[in-house]
């Protein structure tokens, strides 16, 4: 396999990270996700060095001369969170969620988790809007290689959402910012040669390799996140025909946005669709609506790809990933509020007569829905319609009133 194409494939499959190097000063605040109250005396651990501090009485913390790639935040009774650091992230806002894995406790209910989920699925059309509406959202994507920025994009979108057929969603890119990018360092000499060969055969794609870039970002674009929805039938955990692929158990009752929720934990029995995963469904007691999903797992490298990787001397660990999906209530129904995923991948290139090369990559995408309008919204003209096949820099059409202060 052409190495350039391999890297493009690798980056499109995985969500990954990398960090190392110079000291940072990191500050921030730790909050309870549900109540938004500060969390005093929470633990902050620098994973690489093993050194730790605690937040003060107001939930704030400051770490000077930090020489670590990531911080782990934890508090008794809450799910811990790990933040991967880079030069652009020095002031953190960390929100911890009450743990839904509180030991071996199992809740007994009249229905099995699977039977209850069938009721949840039947109520999709009642719990989520079936009418078109508009949204204003903030989108961010990032690729890092050992703390170097290979891709960092922030954008503001105005969208008209087709509630029945999400493929018919229409988006207009109103705001756009792209950070200065570094060049890929991993296997740089080899990649330079492959790049030259590729562009010789495909000269029309030369403009896609700006500033000496050795890779093209092929991450799923904002359309993939803007089209996310628990009721679109694409989530195996909410597909009754695939229930046998998971183990479901009730967890302790919890709270979400001040409402009582039922929690159902799930674990994949085996690799499913290239993923081994576990997570929790948060279901509103009153409406039986799935209001949040928190998932973690590993992306399993296909067996067909392993011989190819071995042949070119590359070792890739199955990368861990995290996924969060959140909804918010409005006028008796639930609307998407946030979707986020990230993952971390380690790659090693083995050499017979020279030192091996190691790299760590981090990929992430985040979408925050800032405003929702159910009626009286403006249509998006075809000439300003966002096209994932075109460069984002060529598709910015500002909208009066949509500013960075409004979307970030």
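The values are calculated or read from the model by the stated rules, or taken from the named source; none is laboratory data. As the structure is a computational prediction, the values presented were derived from the model and not from experiment. Note that each Cβ is placed from the backbone with ideal geometry, even for glycine, and that neighbours are counted across all protein chains shown.
Which of the residues belonging to the range 157-172 are in a strand (DSSP E or B) and closer than 18 Å to residue 228 by Cβ?
Just the residues of the range 157-172 that are in a strand (DSSP E or B), to begin with: 157-161, 170-172.
157, 158, 159, 160, 161, 170, 171 - these are the residues of the range 157-172 that are in a strand (DSSP E or B) and closer than 18 Å to residue 228 by Cβ.
Identification of strands (runs of 3 or more DSSP E) wholly contained in the range 18-137 with 3 or more residues that are modelled with pLDDT under 70 yields no element. In the range 362-398, of all residues being in contact (Cβ under 8 Å) with a residue 24 or more places away in the chain and in a helix (DSSP H, G or I), the one that is farthest from the chain's Cα centre (by Cα) corresponds to 384. Checked against the criterion of being within 26 Å of residue 169 (Cα to Cα) and modelled with pLDDT of 90 or more, the candidates 286, 239, 247 yield just one match: 239.
Listed here are the residues, each with its yes/no results for (1) closer than 23 Å to residue 154 by Cβ; (2) modelled with pLDDT of 90 or more.
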{"site": "292", "(1), (2)": "no, yes"}
{"site": "313", "(1), (2)": "no, no"}
{"site": "316", "(1), (2)": "no, no"}
{"site": "319", "(1), (2)": "no, no"}
{"site": "340", "(1), (2)": "yes, no"}
{"site": "350", "(1), (2)": "no, no"}
{"site": "370", "(1), (2)": "yes, yes"}
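Would you say residue 359 is farther than 21 Å from residue 228 by Cα, under 21 Å from the mean Cα position of the chain (by Cα) and touching a residue at least 40 places away in the same chain (Cβ under 8 Å)? Against the criterion (farther than 21 Å from residue 228 by Cα, under 21 Å from the mean Cα position of the chain (by Cα) and touching a residue at least 40 places away in the same chain (Cβ under 8 Å)), residue 359 qualifies.
Any chance the range 176-192 includes a residue that's at pLDDT 90 or above, touching a helix residue (DSSP H, G or I) at 6+ places or on another chain (Cβ under 7 Å) and within 30 Å of residue 331 (Cβ to Cβ)? Checked against the condition, which is being at pLDDT 90 or above, touching a helix residue (DSSP H, G or I) at 6+ places or on another chain (Cβ under 7 Å) and within 30 Å of residue 331 (Cβ to Cβ), the range 176-192 yields no hits at all.
Taking the range 399-408, which residues are without any contact (Cβ under 8 Å) to a residue 12 or more places away in the chain and closer than 15 Å to residue 177 by Cα? Walk me through it before giving the result.
Going residue by residue through the range 399-408, those that are without any contact (Cβ under 8 Å) to a residue 12 or more places away in the chain are 400-401, 405.
405, the sole residue that qualifies.
In the range 139-154, what residues are out of contact with any strand residue (DSSP E or B) (no Cβ under 7 Å at 6 or more places or on another chain) and either in a strand (DSSP E or B) or not assigned by TED's automatic domain parsing to the domain that holds residue 176 (or both)? Full working, then the answer.
We begin by selecting, within the range 139-154, every residue out of contact with any strand residue (DSSP E or B) (no Cβ under 7 Å at 6 or more places or on another chain); these are 147-149.
Hits for the range 139-154 are 148, 149.
Does residue 380 satisfy the condition of being in the same structural domain as residue 231 (by TED's automatic domain parsing), over 23 Å from residue 278 (Cα atoms) and surrounded by 21 or more Cβ atoms within 10 Å (Cβ to Cβ)? No, not satisfied.
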